[in-house]
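This is the structure I have questions about; it appears just below.
The values are calculated or read from the model by the stated rules, or taken from the named source; none is laboratory data. This structure is a prediction, so every number in the text was calculated from the model and none was measured. Note: ideal-geometry Cβ built from the backbone for every residue, glycine included; neighbour counts use all protein chains shown.
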Amino acid sequence: MDIVKMIKILWVFLIISMTVIYLVYPVLRVILPFFVILGVITWWLTGYIASSRWILKIWFNLLQIIVPKPSETLEIKSGTFLTEEKIPEKIGWKQALFDEGVNKSFLPVLLMFGILQYVFKFFGADFLQSLESFFILTFASPLYVCLITFLWILLDSGWIEYDREANRVMRVGEHILLYLRSIAGLSALVGFITVALTIFGAATALASFLVALALASVPIYLTTVIYVKFFHYKYVKKVRDYLLFEKKLPIATIQIVPAPMTVTSTQTTPYINTQEEVKEEIPKTVTYNFCPYCGTQIPSNIRFCPKCGSSLNAE
């Protein structure tokens, strides 16, 4: 089992476990829908603004700083294209709950830790003197991670870039994510733990990490499910239509072609033992002759014993 599948299984287990805890405790049962509703409204508003035509104009021009300019043709040169794919009009609840919701909800949690590490750096040890402030900031995580929706729109719009020198194809959203990896990546999690460990010590750092991860998992997951189910792909389609009809980006078909392999043809020959075959030698039978009278060993084919002189002729 690879690390990605293991993390996904642990993430699903955490969401299910924390959902039960949220439903058991009355206070958490009241807090959960409140912040989920606020999170959905925030994500809807962010996606609506991010996919509007005037914002797309601004973002498109800004992205030209780090993203190659659109290609006018599909010739082999650096530039940006749209992949040949169909944006779904809507998705079912099964896909939203068990596929998109699980896969997409982990990145906002990493973004939350990235933001929290900067909060720790700014407020220092005074921040955790009041546990209520830490809990509220964790419960309200769907609100301040709403910018992740614009990154998702870029990732799912099929907008790709091709770098001829590096011979690399990358989604524009992934390119943006490279610049945000310290805030919205695994490095954000490491940064949060490092800052908490430096300021508060090992015990508090571990406790704050586990509490934040547990409390934020369910609100972010439910917000993700509702947003993806009802709003996400509508915004993705708006961005794709803008890139296709307004910016006239060409559509490219991406094919994964295996790299050519140079195979050296060598004639396979069976194994031949060049050593001479070792034959099992049969030991020779040696006959020893003794004098029947004195018992002395005597050579063969003699007539008299050389010691006692007795005649050795067979009678």
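Would you check if PRO68 is in the same structural domain as VAL239 (by TED's automatic domain parsing), modelled with pLDDT under 95, surrounded by 12 or more Cβ atoms within 10 Å (Cβ to Cβ) and not aliphatic (A, V, I, L, M)? Break it down into steps so the answer makes sense when it comes.
On the way: in the same structural domain as VAL239 (by TED's automatic domain parsing): yes; modelled with pLDDT under 95: yes; surrounded by 12 or more Cβ atoms within 10 Å (Cβ to Cβ): yes; not aliphatic (A, V, I, L, M): yes.
Yes, satisfied.
Restricting to helices (runs of 4 or more DSSP H) lying wholly in region 143-203: which have 1 or more residues that are acidic (Asp, Glu)? If you could, list the steps in order and put the result at the bottom.
Details: elements: 148-156, 172-179, 186-200.
Of the helices (runs of 4 or more DSSP H) lying wholly inside region 143-203, those with at least 1 residues that are acidic (Asp, Glu) span 148-156, 172-179.
Can you tell me which residue among ALA96, ALA125 is modelled with pLDDT of 95 or more, assigned by TED's automatic domain parsing to the domain that holds PHE60 and more than 17 Å from ILE183 (Cβ to Cβ)? Give the steps one after another, and end with the answer.
Details: ALA125 fails: modelled with pLDDT of 95 or more.
The unique qualifying residue is ALA96.
Which residue pairs have Cβ atoms under 8 Å apart, sit 6 or more places apart or on different chains, and have a first residue in region 209-228 that is modelled with pLDDT of 95 or more and a second that is of a type in the set (Asp, Glu)?
THR224/GLU100; VAL225/GLU100; VAL228/GLU100
Then there is this: Which is of a type in the set (Gly, Ala, Ser) and either in contact with a helix residue (DSSP H, G or I) (Cβ under 8 Å, 6 or more places away or on another chain) or crowded, with 18+ Cβ neighbours inside 10 Å (or both), of ALA207, ALA203, ALA196, ALA166? Lay out the reasoning, then the answer.
Working: ALA207 fails: either in contact with a helix residue (DSSP H, G or I) (Cβ under 8 Å, 6 or more places away or on another chain) or crowded, with 18+ Cβ neighbours inside 10 Å (or both); ALA203 fails: either in contact with a helix residue (DSSP H, G or I) (Cβ under 8 Å, 6 or more places away or on another chain) or crowded, with 18+ Cβ neighbours inside 10 Å (or both); ALA166 fails: either in contact with a helix residue (DSSP H, G or I) (Cβ under 8 Å, 6 or more places away or on another chain) or crowded, with 18+ Cβ neighbours inside 10 Å (or both).
Checking each option against the conditions leaves just ALA196.
Counting only residues that are in contact with a helix residue (DSSP H, G or I) (Cβ under 6 Å, 6 or more places away or on another chain) and under 20 Å from PRO142 (Cα atoms), how many does region 169-184 have?
So the answer is 3.
So, in region 1-51, exactly how many residues are touching a Lys or Arg at 6+ places or on another chain (Cβ under 9 Å) and without any contact (Cβ under 8 Å) to a residue 12 or more places away in the chain?
Selection size over region 1-51: 1.
What single numbered condition from (1) at pLDDT below 95; (2) under 23 Å from CYS146 (Cα atoms) fails to hold for TRP44?
(1)
Given the condition within 26 Å of ILE115 (Cβ to Cβ) and either touching a Leu at 6+ places or on another chain (Cβ under 6 Å) or modelled with pLDDT of 65 or more (or both), answer yes or no: does some residue in region 244-261 qualify?
Filtering region 244-261 down to residues within 26 Å of ILE115 (Cβ to Cβ) leaves none.
No, region 244-261 contains no residue that is within 26 Å of ILE115 (Cβ to Cβ) and either touching a Leu at 6+ places or on another chain (Cβ under 6 Å) or modelled with pLDDT of 65 or more (or both).
In addition: Can you tell me which of (1) out of contact with any His (no Cβ under 9 Å at 6 or more places or on another chain); (2) within 25 Å of VAL40 (Cβ to Cβ) is the one PHE200 doesn't meet?
With respect to (1) out of contact with any His (no Cβ under 9 Å at 6 or more places or on another chain); (2) within 25 Å of VAL40 (Cβ to Cβ), PHE200 is out only on (2).
Let me ask you something else. Looking at (1) in a helix (DSSP H, G or I); (2) in contact with a Leu (Cβ under 7 Å, 6 or more places away or on another chain), which is the one condition that is false for LEU82?
Only one criterion in (1) in a helix (DSSP H, G or I); (2) in contact with a Leu (Cβ under 7 Å, 6 or more places away or on another chain) is unmet by LEU82, namely (1).
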